[in-house]
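Visitor: Dropping a structure here in structure tokens format, bear with me for questions.
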Amino acid sequence: MKNNPLPRLDKRDDLREKILAHCRIQPGEVWEDPVMGHRVGCLDAADGDEVAQLMAGKLATCAIHDPPYNLVAFAERPLSDYIRWCQKWVQHSWDALAESSALYIWLGADQRNQFQPLPDFMMMMRDFPFEPRSFITMRNQRGYGTQKNWMAVRQELLYYTKGNPPFDVQYTDIPKTVKGYYKDVNGRSTENIERSKSDTIRASNVWIDIQQVFYRMEENVSGCYAQKPLKSIERIIQASSAEGEIVLDFFSHSGTTLLAAERLKRPCFTTDIDPIYCEITIRRLEHWRKTGKTGWQNGHPFEKELPNLE
């Protein structure tokens, strides 16, 4: 297996300077894909004019955001500042979404710091007309706090709706094994497995069937410290959008939402305030189209320009 990963890019200013020279878009610019119509903007999600530039008069059906957890452009902020920043991009999400649409937000709950920013963020969302629908937990395989506390392995995903969007039930890979739940159907007693539409269980609001991304997985994009599993994003897109409908992501990072949308035949409009993550997003799409691979495993997107990292 190749062993040439990028380190965390938010901790290596020297490496960032080298990579910036190879980024095709700069702040304020938008790259448009000529094949599927994806749009990648080096834009600020908290700026309404820049979000309007990204949307170009169109509306999305499904938004999937993974904002930095109390980090804005790698600078720690007081919680109150973080919430004020969130208010801006949530409002811009409302403006960019169709009349009936879905909003998903990944958010952290730091058990070492009053479970922030999750509780204050959820309180803030009460000021918006979005309808809360579900609080989903995705289980990681690794965590922290195993010696003096319950191991923290969860990632929180909030699901809201605007209007009355359709929802397509999703199924996991977990086989149904528990019998019971008897019900009379046409005068005959039947049990749940017999009545089921699938041999596997439906996805619930606790996701235990999705592997956390790590360096041995093909989809791994080294240097990206908050990468979500492709399977989780594809589940969301399939549940809350149809082919051809726009998927929106204000925090592109490793480009997972765009890649998932590409694989599921949806155009994705996405932004990142950092030109490096915009470039990674574009290169990941190009890499998929050229090789059929979803990431670089333990390699990295800039191997041609920077073959030997230190």
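No lab work stands behind these numbers, since they all come straight from the coordinates. Remember, predicted model here, so these are calculated numbers, not experimental data. When we count neighbours, we look across all protein chains shown, and the Cβ atoms used for this are built from the backbone with ideal geometry, even at glycine.
Visitor: How big is the dipole moment of the chain about its Cα centre under a simple scheme where the beta carbon of each Lys and Arg is +1, that of each Asp and Glu is -1, and everything else is neutral? Debye, nearest 20, please. Mind showing how you got there, number by number?
Guide: Numbers: 40 positive and 42 negative charges, 254 e Å.
I would put it at about 1220 debye.
Visitor: Could you pull out every residue, at least 5 positions away or on a different chain, whose amide H is within less than 5 Å of the one on K176? Hs are placed 1.01 Å off N in the peptide plane, and Pro or chain starts have none.
Guide: Answer set, sorted by chain and number: T200, I201.
Visitor: Given the options S240, S198, S100, state which has the largest fluctuation in a GNM of the chain using a 10 Å cut-off (strictly under) for Cα springs.
Guide: Result for the chain, Cα springs under 10 Å: S198 fluctuates most.
Visitor: Put +1 on the Cβ of every Lys and Arg and -1 on every Asp and Glu Cβ in the chain; which of P275, V35, P307 then has its Cα farthest towards the positive end of the dipole?
Guide: P307
Visitor: Moving on to the next point. Bin by bin, in steps of 5 Å, what percent of the Cα pairs in segment 221-310 do you find, going until the bin that has the longest distance?
Guide: 3, 14, 25, 26, 18, 9, 4, 1, 1
Visitor: Now for a different question. Which entry is the computed Cα Rg over 2.2 N^0.38 Å for this structure: [x] 1.25; [y] 1.33; [z] 1.05?
Guide: Correct label, based on the coordinates given: [z].
Visitor: Right, another one. Suppose each label sits 7 Å from its Cα in the direction of the beta carbon; what would the W150-R216 distance come out to in nanometres?
Guide: Here the answer is 2.8 nm between the modelled labels.
Visitor: At 222 nm, what value in deg cm²/dmol follows for the chain if DSSP H runs of at least 4 each add -39500 (n - 2.57) and the sum is divided by all its residues, to the nearest 500?
Guide: Details: 8 runs with 82 residues, N = 310.
My calculation for the chain gives -8000 deg cm²/dmol from helical runs alone.
Visitor: Test of understanding: in a Gaussian network model of the chain with alpha carbons linked when under 10 Å, which of I276, I64, I19 would top the mean-square fluctuation ranking?
Guide: I19
Visitor: Only four residue types carry charge here, +1 at the Cβ of Lys and Arg and -1 at the Cβ of Asp and Glu. Report the dipole size of segment 1-119 about the Cα centre in Debye, rounded to the nearest 20.
Guide: On the way: 13 positive and 17 negative charges, 97 e Å.
That gives a dipole near 460 debye.
Visitor: Per 0.36 nm of contour for each residue apart, how much would the distance between E76 and W94 grow if the chain were fully extended, relative to their Cα-Cα spacing?
Guide: Length difference between fully extended and current span is 3.9 nm.
Visitor: Run the dipole for segment 191-308 about the Cα centre, Lys and Arg Cβ at +1, Asp and Glu Cβ at -1, nothing else charged, and hand back the magnitude in debye, nearest 20.
Guide: The calculation lands at about 200 debye.
Visitor: Something else: What GluC sites (Glu not before Pro) in segment 252-309 are in a loop by DSSP, with at most 15 other Cβ atoms within 10 Å of the Cβ? The partial results should precede the final answer.
Guide: Numbers: sites: E262, E279, E286, E303, E305; in loops: E303, E305.
Those satisfying the criteria are E303, E305.
Visitor: Hey, can you rank 249-257, 121-129, 84-92 by average C-beta count inside 10 Å, highest first? Walk me through the numbers before you get to the answer.
Guide: On the way: 249-257: 27.2, 121-129: 13.8, 84-92: 18.9.
Highest-to-lowest ranking by the protection proxy: 249-257, 84-92, 121-129.
Visitor: Show me the three semi-axes of the equivalent ellipsoid for segment 90-153, from the C-alpha gyration tensor (sqrt of 5 times each eigenvalue), largest first, rounded to whole Å.
Guide: Numbers: eigenvalues 176, 36, 14 Å².
Semi-axes, largest first: 30, 13, 8 Å.
Visitor: Hey, quick one: spin label on Y225, modelled 7 Å out along Cα-Cβ, who in segment 108-141 has an amide N within reach, i.e. under 20 Å?
Guide: Those under the cut-off are 108-118, 140-141.
Visitor: Looking at Q91, P129, N149, which one has the Cα that reaches farthest to the positive end of the dipole of segment 74-159 (charges on Cβ: Lys, Arg +1; Asp, Glu -1)?
Guide: The Cα lying farthest towards the positive end belongs to N149.
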